[in-house]
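For reference, the structure discussed in these notes is given below.
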Amino acid sequence: MFKKGFIFGAATAAYQIEGSTNIDGRVKSIWDTFCEKKGNILDGSDGSIVCNSYKDYKDDVRLLHELNVNSYRFSIAWGRVIDENNQINPKGIEYYQNLCKELKKYNIEPYVTLYHWDMPQWIMDKGGFLNDEILELFSHYVDVVTKSLNGLVKNYITINEPQCIIFMGHDTCLFAPGIKYNDKEMLKAIHNLLKCHGHAVSIIRKNVKNSTIGFAPCSRPMIPTNNNPILYKKCYEKYFSINRNFEYANSVSIYSDPIFLGDYPKEYYLQFKDVLPTITKEDLELISQPIDYIYQNIYTGNYYSLDKDGNLIQNPFDFGFREGNIDWLQVVPEALYYAPKFLYERYKKPIIISENGLCNVDFVSLDGHVHDPQRIDYIERYLIELDKVAKEIPVEGYFYWSLFDNFEWNSGLRKRFGLVHVDYKTNKRTPKDSYYFYRDIIKRGGVNWIL
Ligand code: GAL
């Protein structure tokens, strides 16, 4: 059982669900641009219609209410509320105000992500996170949002998955904007992104009474396969390590150490001597202002053991190992035990799982229902692990990703993570079996009843 008041929620993000990309003054985002280029999106789709949440937000809230969640995590589209002249777009503001008012009617607490990857294209054209002007532009945007949602929203998540923004957007280039950076540019962009976070924290604290603030990176933890304390320690160390030669922009500590510990890890200074950005004491103070939670998006992990010489080795997944319908998503429930444990051990802040979910092959059956036993099993397995770690460290909440099937970035509309099935032609929404399963878990306050 989770403790009383546990945050049970579902999560979405603006570009993935809203649709209506060309109306009411919304300006183009980097994802609109990215989708235009043939070959970038698996099925050639884009976010122009998806779940139609811009129009059907009342139905979204009804579905949340019937799901019994007490919280809803969604994001604001920067380009809906601020136009190309950096002026406020009242229509965009009104949409988010209406959504929040509707949530309040049903006592559903909003958790607002300020940046879930959809940078306005005109800001990217100025250089995005590489141009210091971003600090002022982002601050203005955050000021506008927090003032206009004052009294409606107190929980903010500044930035979602910096790893995907920087690593996927500028290293693999599989995500928008798909512009390759060299190491020097990467580090500068990371530093500015962290400063944007810092400015957002100052502004939220100033504008919002009793605010709660977090930052939502993702991670793929190393799972020890036995109880050997040396193995545990090595997994922990690897989880927080940085390697200049291997996907460093995808690492944990490069983003979270400055925020929670007040500085980049030692390894960062050692390995990147020749490409360091300017980092001042004031920057680090700005970035490390106290925040309330460690949010974390966790879907999967990798198993590790020690070889006969005591070296850490990754165990390959057995052939046919349980997995979701997307290549990176193996079903590794222990991830929800070890990642929170490692994170708490290092950063000492309560944990909220801001995303966790399964991509599955879901369609409407002849009986009119959507049967998704794999997702039910996934939720059950992962919540059992979260429940276990919640007995050892403070765990405050869990958001399932996602409320709906939606636009899964470069995989387009072919990959379904939702508790609610969406027919993209008719916008018919059909709650899946897992929707009812999760509803019942919430009603009972946890998964222990299953054991
Ligand atoms: C996260 C992302 C979400 C969602 C999810 C499933 O990386 O924050 O927007 O797409 O993964 O892949």
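The values are calculated or read from the model by the stated rules, or taken from the named source; none is laboratory data. Predicted model, so just to flag it, every value in this text is computed and none were measured. Methodologically, a virtual Cβ is constructed for each residue, glycine included, from the backbone with ideal geometry; neighbour enumeration extends over all protein chains shown.
With respect to the conditions (1) assigned to a loop (DSSP other than H, G, I, E, B); (2) without any contact (Cβ under 8 Å) to a residue 40 or more places away in the chain, residue 51 falls short on a single one, namely (2). Going by what's in this entry, would residue 217 be described as within 16 Å of the ligand (Cβ to nearest atom) and crowded, with 19+ Cβ neighbours inside 10 Å? For residue 217, the condition - within 16 Å of the ligand (Cβ to nearest atom) and crowded, with 19+ Cβ neighbours inside 10 Å - is met.
Tell me whether region 331-346 contains one or more residues that are on the phi < 0 side of the Ramachandran plot, of a type in the set (Ser, Thr, Tyr) and part of a loop (DSSP other than H, G, I, E, B). Checked against the condition, which is being on the phi < 0 side of the Ramachandran plot, of a type in the set (Ser, Thr, Tyr) and part of a loop (DSSP other than H, G, I, E, B), region 331-346 yields no hits at all.
For region 1-17, give me each residue that is touching a Gly at 6+ places or on another chain (Cβ under 7 Å) and not in a strand (DSSP E or B). The answer is 1, 2, 6, 15, 16. Set side by side, the residues 231, 174 differ, and just one is within 30 Å of residue 46 (Cα to Cα) and hydrophobic (A, V, I, L, M, F, W, C), which is 174. Within region 442-451, count every residue that is assigned to a helix (DSSP H, G or I) and surrounded by 15 or more Cβ atoms within 10 Å (Cβ to Cβ). Total meeting the criteria: 1. For region 132-170, enumerate the residues that are away from the ligand (no atom under 15 Å from the Cβ) and either within 19 Å of residue 31 (Cα to Cα) or hydroxyl-bearing (Ser, Thr, Tyr) (or both). Hits for region 132-170 are 134, 137, 138, 139, 141, 146, 148, 156, 170. Here the condition is being under 25 Å from residue 410 (Cα atoms), acidic (Asp, Glu) and either out of contact with any Phe, Trp or Tyr (no Cβ under 8 Å at 6 or more places or on another chain) or at pLDDT 95 or above (or both); of 334, 323, it holds for 323 alone. Every listed requirement among (1) within 16 Å of the ligand (Cβ to nearest atom); (2) assigned to a helix (DSSP H, G or I); (3) out of contact with any strand residue (DSSP E or B) (no Cβ under 9 Å at 6 or more places or on another chain); (4) of a type in the set (A, V, I, L, M) is met by residue 187 save one, (1). Residue 292 satisfies every condition listed in (1) within 23 Å of residue 229 (Cα to Cα); (2) outside any helix (DSSP H, G or I); (3) of a type outside the set (Val, Ile, Thr) except (1). Answer yes if at least one residue in region 79-98 is within 16 Å of the ligand (Cβ to nearest atom) and either over 18 Å from the mean Cα position of the chain (by Cα) or within 24 Å of residue 443 (Cα to Cα) (or both), and no otherwise. For region 79-98, residues within 16 Å of the ligand (Cβ to nearest atom) and either over 18 Å from the mean Cα position of the chain (by Cα) or within 24 Å of residue 443 (Cα to Cα) (or both): absent. The single condition from (1) surrounded by fewer than 21 Cβ atoms within 10 Å (Cβ to Cβ); (2) part of a loop (DSSP other than H, G, I, E, B); (3) touching a residue at least 24 places away in the same chain (Cβ under 8 Å); (4) not β-branched (Val, Ile, Thr) that residue 180 fails is (3).
Residues that are buried (at least 23 other Cβ atoms within 10 Å of the Cβ) and away from the ligand (no atom under 16 Å from the Cβ) within region 355-385 comprise 370, 383, listed in sequence order. If only residues of region 3-31 that are of a type in the set (Ser, Thr, Tyr) and in contact with a strand residue (DSSP E or B) (Cβ under 7 Å, 6 or more places away or on another chain) are counted, the one that is farthest from the ligand (Cβ to nearest atom) is 29. Give the residue that is farthest from the chain's Cα centre (by Cα), with candidates limited to residues of region 135-159 that are buried (at least 19 other Cβ atoms within 10 Å of the Cβ) and under 11 Å from residue 193 (Cβ atoms). Among residues in region 135-159 that are buried (at least 19 other Cβ atoms within 10 Å of the Cβ) and under 11 Å from residue 193 (Cβ atoms), the one farthest from the chain's Cα centre (by Cα) is 138. Name the residue that is surrounded by the fewest Cβ atoms within 10 Å (Cβ to Cβ), counting only residues in region 49-95 that are closer than 18 Å to residue 427 by Cβ and β-branched (Val, Ile, Thr). My answer is 49.
Pick from 290, 265: which is buried (at least 19 other Cβ atoms within 10 Å of the Cβ), more than 16 Å from the ligand (Cβ to nearest atom) and not basic (Lys, Arg)?
It is 265.
Residue pairs whose Cβ atoms lie under 9 Å apart, sitting 6 or more positions apart in sequence or on different chains, and linking a residue in region 150-162 that is over 12 Å from residue 214 (Cβ atoms) and among the β-branched types (Val, Ile, Thr) to a partner that is assigned to a loop (DSSP other than H, G, I, E, B) and away from the ligand (no atom under 16 Å from the Cβ), are 153/208; 153/211. Would you check which residues across region 306-333 are within 16 Å of the ligand (Cβ to nearest atom) and surrounded by 11 or more Cβ atoms within 10 Å (Cβ to Cβ) and list them? Selection gives 323, 324, 325, 326, 329, 330, 331, 332.
Here is the figure for region 400-441: residues that are surrounded by fewer than 20 Cβ atoms within 10 Å (Cβ to Cβ), more than 16 Å from the ligand (Cβ to nearest atom) and assigned to a helix (DSSP H, G or I) total 5. Within region 324-346, residues that are under 16 Å from residue 233 (Cβ atoms) reach no partner that is within 16 Å of the ligand (Cβ to nearest atom) and at pLDDT below 95 with beta carbons closer than 8 Å at six or more positions or on different chains.
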